[in-house]
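Asker: Below are the structure tokens for one structure; questions will follow.
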Amino acid sequence: MERLSSPVTPVFTSYYWHRGFLMLAPTFVLERQDKPYRRLSATLMYAAGKPFVIETGDGTVTEARAVLIAPKVLRRRIVAVDSDLMICDLSVATPHFNAVASLLGGDDVTVLDAACFAGLNDEIALAQKAELPVERVPALIDNLIFALTGERPEALPLHPRIAQVLALIEESSLDAVSLPWLAEQVHLSPSRLRHLFTEQIGCSLTHYCRWSAVWKGVWLWSRGMSLLDVVVETGFHDMAHINRAFNEVFGLNPSSLANADQIRLMRCPMI
């Protein structure tokens, strides 16, 4: 059962951009015991208030005020009551993900020192109330990374063929993309492309294509396109297919994201 709850409405504020988001809420409860979800990203969670609890796919329960969750980790439950919670999505193949990758290690959930983010509490509080101008969000994300790692995010060089594949995926609809087609476009064998892609991006090509299509869909939807038209434009099979994909990225159905009683959506410049 999926449940979002909070003593106030909207439940949370979400600043979002192409391939990432920053969610904030005084109280946030997400129950997905029956249908746990996973993200193709690292997730930074920080509570300026009370500690939160997160339960992952194997039943492990972690209580903390700051954690970093590795990509593809199943999430079953988040309980953050009076936590002033911030959830920052750090997508694969981005400088922000590269900056924190060394901290992930082999653990599903890495507990962090919450004190390193204390200097950003004022900015985070403004963002929670949707009072942080969207133009300042990129700097906030960079400052979160700097507070955690002591370094500014920088892009890692990609193999030219992989960079070309990422561009092709971005330009194409989901139903038009396949491993043989992409391999042919970049003059690699399918097996070589599969290996190189996983090595460089950290996930399977199939998973990345579906994840990329969701983000394209979110961007189109946010600009006024109907969800049915988004399905056609991005290449999902039907509404059920895009619903499953949205849940995979956000842990929520599109209907939840469109509910103004639950969420304030703030579109940001490219980060």
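The values are calculated or read from the model by the stated rules, or taken from the named source; none is laboratory data. The structure displayed is predicted, hence computed values, not measured ones. Neighbour counts are summed over all protein chains in view; Cβ atoms, including those assigned to glycine, are modelled from backbone coordinates with ideal geometry. We work out accessible area using only protein heavy atoms, side chains counted, and drop any ligands, DNA or RNA first. Shrake-Rupley method; radii C 1.70, N 1.55, O 1.52, S 1.80 Å.
Asker: Here are some residues: Thr62, Thr43. Which one is modelled with pLDDT of 90 or more, among the polar types (S, T, N, Q), over 19 Å from the mean Cα position of the chain (by Cα) and part of a strand (DSSP E or B)?
Answerer: Among Thr62, Thr43, only Thr62 is modelled with pLDDT of 90 or more, among the polar types (S, T, N, Q), over 19 Å from the mean Cα position of the chain (by Cα) and part of a strand (DSSP E or B).
Asker: Of the residues that sit in the stretch 217-237 and are over 14 Å from Ser173 (Cβ atoms) and over 19 Å from the mean Cα position of the chain (by Cα), which one is most open to solvent (accessible area, probe 1.4 Å)?
Answerer: Here the residue is Arg223.
Asker: In the stretch 171-184, which residues are part of a helix (DSSP H, G or I) and either out of contact with any helix residue (DSSP H, G or I) (no Cβ under 8 Å at 6 or more places or on another chain) or open to solvent by 70 Å² or more (accessible area, probe 1.4 Å) (or both)?
Answerer: Glu171, Asp175, Ala176, Pro180, Trp181, Glu184
Asker: Determine whether Phe146 is open to solvent by 70 Å² or more (accessible area, probe 1.4 Å), in a helix (DSSP H, G or I) and among the aromatic types (Phe, Trp, Tyr).
Answerer: Yes: the conditions hold for Phe146.
Asker: Moving on. Can you name the number of the only condition in (1) open to solvent by 40 Å² or more (accessible area, probe 1.4 Å); (2) at pLDDT below 90; (3) among the aliphatic types (A, V, I, L, M) that Val214 fails?
Answerer: (1)
Asker: Okay, next question. When you go through Ile162, Ile141 one by one, which is the residue that is under 27 Å from Leu24 (Cβ atoms), open to solvent by less than 30 Å² (accessible area, probe 1.4 Å) and either under 23 Å from the mean Cα position of the chain (by Cα) or free of Cβ contacts under 8 Å to residues at least 60 places away in the same chain (or both)?
Answerer: Exactly one residue qualifies, and that residue is Ile141.
Asker: Across the stretch 87-130, what is the total count of residues that are under 30 Å from Leu158 (Cα atoms) and aliphatic (A, V, I, L, M)?
Answerer: Within the stretch 87-130, residues that are under 30 Å from Leu158 (Cα atoms) and aliphatic (A, V, I, L, M) number 12.
Asker: Pick out the one residue from Asp84, Asp108 that is at pLDDT 90 or above, of a type in the set (D, E, K, R) and within 16 Å of the chain's Cα centre (by Cα).
Answerer: Asp108
Asker: Open to solvent by 10 Å² or more (accessible area, probe 1.4 Å) and either within 29 Å of Glu154 (Cα to Cα) or of a type outside the set (A, V, I, L, M, F, W, C) (or both), is that true of Gly20?
Answerer: No: the conditions fail for Gly20.
Asker: In the stretch 74-119, how many are without any contact (Cβ under 8 Å) to a residue 40 or more places away in the chain and surrounded by 21 or more Cβ atoms within 10 Å (Cβ to Cβ)?
Answerer: Matching residues across the stretch 74-119 total 0.
Asker: What residue, among those in the stretch 245-263 that are in contact with a Phe, Trp or Tyr (Cβ under 9 Å, 6 or more places away or on another chain) and surrounded by fewer than 16 Cβ atoms within 10 Å (Cβ to Cβ), is modelled with the highest pLDDT?
Answerer: Filtering first and then ranking leaves Asn253.
Asker: Right, another one. For residues that are open to solvent by less than 50 Å² (accessible area, probe 1.4 Å) and under 21 Å from Arg38 (Cα atoms), tally how many sit in the stretch 185-208.
Answerer: Of the residues in the stretch 185-208, 7 are open to solvent by less than 50 Å² (accessible area, probe 1.4 Å) and under 21 Å from Arg38 (Cα atoms).
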